[in-house]
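Trainee: Sharing a structure here in structure tokens format.
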Amino acid sequence: MVQSQRETASGWALATSTGRWRALRWPVLGDWGLFLLLAGPNLILFAAFTYWPLIYNVYLSLTSWDMIAPVKAFVGLANYRYLASDPEFRRVALNTVVFTLGTVGGTTILGLLLALLLNWPLRGRTWARGVIFAPVLLSGAAISVFWINMLNSRFGLLAELLGWFSLSSPNWLNHPIWAMVAVIMVYIWKNVGFSMVIYLAGLQAIPAELYEAARVDGAGHLETFRWVTLPQLGPVTLFLLVVSMISSFQAFDIIKVMTDGGPVNATTTLLFYIYEQGFVAFNAGRAAAASVVLFLAMLVVTVIQLRLGERRVHYG
Amino acid sequence: MAERLRQRLAQAPLYLLLALAVVVMGIPFYWVVTGALKTNQEIYTFPPVWIPREPHWENFVEAWDAAPFGRFYLNSIVTTLAGSGLELLLALTSAYALVFLRVRVAGAAFLLILAALLVPSQVTLLPNYLTVARLGWINTYQGIIVPGASVAFGTFLFRQHFRTLSREILDAAVIDGCGHLRLLWQVVVPLSQPVIVTFILISMVSKWNEFLWPLVVTNSLDMRTLPIGIAYLYSVEGVMNWGPILAGTLFVILPMLVIYLLAQRWIVSGIASGAVKG
């Protein structure tokens, strides 16, 4: 924040340092009027659809309301107490942790490995990067539909591939554990290209002198990787962890289409729970309380990782 | 010659890995495209058929008739173009105001916009649904478009870019009597074309694929967008009629694949520069 304030101050200087800019006054409404005209709509939308609902959500979380009744009954912290003691919600929290660790771990590690491979001057690597990145741009709902087909245990592609190794296909989407594995796998397939692209940019930003110095010092491939590449990728990794964790919390379409949160809540994550409580069970208070939990979880992740980033930017 | 051959051989394992990566990541594409051309008989056999005996284009016709895909396309195109257009306009004007106008509240306004990045739209889903319902915007384009039109990331991106613009050019324009609005549209915008293209592409991809918000603010089939439409087709055709369903998924993903093929470099470089919007 300090950083951005300083930036704002210098931006200020850009507009005011030259006397000529003073002549650049908007005749009709003055600078103030023009500022409101240009930045106002955006700010109003933020007020109406970001900040106000954030506050209103907290109020809703203190009520019991079916989204129809004219009166919202104030119940204090009852919704939070309910979430804290409900075994179903504990399951949801566990699912969210498993899904987040699986997807963030999978996309980060595989993204790094793919980037290392495709940073090598191999023929056809541009083409390969293109294929690997493509799923990032596709609708999660649409890819989920064709993955359901591929996962079918009777005639699906995966059943065939597993058969090559004499393995029989699990009944993916109807088994509590395999269903979670399946949604994590599809999520990784869709998003690993993003991590790869970020890591490729990170690899290309490492100064060549460092590799030169390592070579002069007689470091081998592995040593160079351990002492040059890996530490240099520290900041990129941190950025990726924050971004991936936040987008993993926002995962919805894959889960909705592939499993609808099931079987028996086995793939219901926090966001899916909010959707179900709000738009299927019409339990506004509980959905709002879960939304507050989700918001705080994301905020904590961001703040912790930004703090870490301040302390150990480079030599992680 | 022998030296080069040795080098090639040493690289063989890497090429093997490259091939493996491409096959694993690419095989779903092969499967959905060939599946969309198979007869149901070819789909429901095991071991599966790798190459359809002859392409069955009827699957596309059947999919198109099984759900109002024409309407889904219209809805997706309208909400994507209007949504991204509005985002672009708001991002350009707010960034200009933050950088070039001498107003005391500019710093506070910037922080307000930046802090909004910490509030993902999923967190405000329920109250925003209630607001849209009270406005009578359920099942309308404005209901889908307006709440998501405010733009923090784009404002930030353009603000950073505007501050790198050459002072000489801007000064010259001002001396020539250019006012604020002309400076914005005729000098700053043309100078920012690459950033604008990148931003609009990324914004369009995310609007096109959006699922949760249009799902909750529409309930009539006529107002559904493509991603919800394909989920609907799957739910009605169930597991009995995979050919048309797979053809239907291509209706949704093909436009994005085409944009990707045409503008790959812009999209990837934009995303690599940290361009992510939740």
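Trainee: Return the pair list, or none, for Cβ contacts closer than 6 Å from residues in region A:95-109 that are modelled with pLDDT of 95 or more to residues that are among the aromatic types (Phe, Trp, Tyr) and assigned to a helix (DSSP H, G or I), at least 6 apart or on different chains.
Mentor: A:103/A:187
Trainee: Picking from A:118, A:60, A:38, which residue would you name as being more than 30 Å from residue B:87 (Cα to Cα), within 11 Å of chain B (Cβ to nearest Cβ) and crowded, with 21+ Cβ neighbours inside 10 Å?
Mentor: A:118
Trainee: I've got another one for you. Need the failing condition index for residue A:170 against (1) at pLDDT 95 or above; (2) away from chain B (no Cβ under 14 Å); (3) farther than 24 Å from residue A:204 by Cα, just the number.
Mentor: Here residue A:170 clears every test but (1).
Trainee: Checking the conditions here, which among A:104, A:71, A:97 is among the hydrophobic types (A, V, I, L, M, F, W, C) and either in contact with a helix residue (DSSP H, G or I) (Cβ under 7 Å, 6 or more places away or on another chain) or surrounded by 20 or more Cβ atoms within 10 Å (Cβ to Cβ) (or both)?
Mentor: Every option except A:104 fails the conditions.
Trainee: Taking residue B:92 as meeting all but one of (1) at the interface with another protein chain (Cβ under 10 Å from one of its Cβ atoms); (2) among the hydrophobic types (A, V, I, L, M, F, W, C); (3) within 22 Å of residue A:302 (Cβ to Cβ), write down the number of the exception.
Mentor: (3)
Trainee: Can you pull out every residue in region A:164-222 that is without any contact (Cβ under 8 Å) to a residue 60 or more places away in the chain, assigned to a helix (DSSP H, G or I) and over 28 Å from residue B:209 (Cβ atoms)?
Mentor: A:164, A:208, A:209, A:210, A:211, A:212, A:213, A:214, A:215, A:216, A:221, A:222, listed by residue number.
Trainee: Take the residues in region B:95-129 that are surrounded by fewer than 18 Cβ atoms within 10 Å (Cβ to Cβ) and either within 23 Å of residue A:61 (Cβ to Cβ) or not assigned by TED's automatic domain parsing to the domain that holds residue B:77 (or both); name whichever of them is nearest to the chain's Cα centre (by Cα).
Mentor: Looking at the filtered set, the residue picked out is B:117.
Trainee: So, of the residues in region B:1-54 that are more than 30 Å from residue A:113 (Cβ to Cβ) and in a helix (DSSP H, G or I), which turns out to be farthest from the other protein chains (Cβ to nearest Cβ)?
Mentor: The qualifying residue farthest from the other protein chains (Cβ to nearest Cβ) is B:2.
Trainee: A further question follows. Regarding region B:202-223, can at least one residue be identified that is crowded, with 22+ Cβ neighbours inside 10 Å, closer than 16 Å to residue A:145 by Cα, more than 8 Å from every other protein chain (Cβ to nearest Cβ) and touching a helix residue (DSSP H, G or I) at 6+ places or on another chain (Cβ under 6 Å)?
Mentor: No, the conditions are met nowhere in region B:202-223.
Trainee: So, one more: Of everything in region B:145-173 that's surrounded by fewer than 19 Cβ atoms within 10 Å (Cβ to Cβ) and touching a Lys or Arg at 6+ places or on another chain (Cβ under 9 Å), which residue is nearest to the other protein chains (Cβ to nearest Cβ)?
Mentor: Checking each candidate, the answer is B:171.
Trainee: Exactly one condition in (1) within 9 Å of chain A (Cβ to nearest Cβ); (2) surrounded by fewer than 17 Cβ atoms within 10 Å (Cβ to Cβ) is not met by residue B:141; state its number.
Mentor: (1)
The values are calculated or read from the model by the stated rules, or taken from the named source; none is laboratory data. Please read these numbers as outputs of a predicted model, since none were measured by experiment. In this analysis, Cβ positions are derived from the backbone assuming ideal geometry, glycine residues included, and neighbour counts consider all displayed protein chains.
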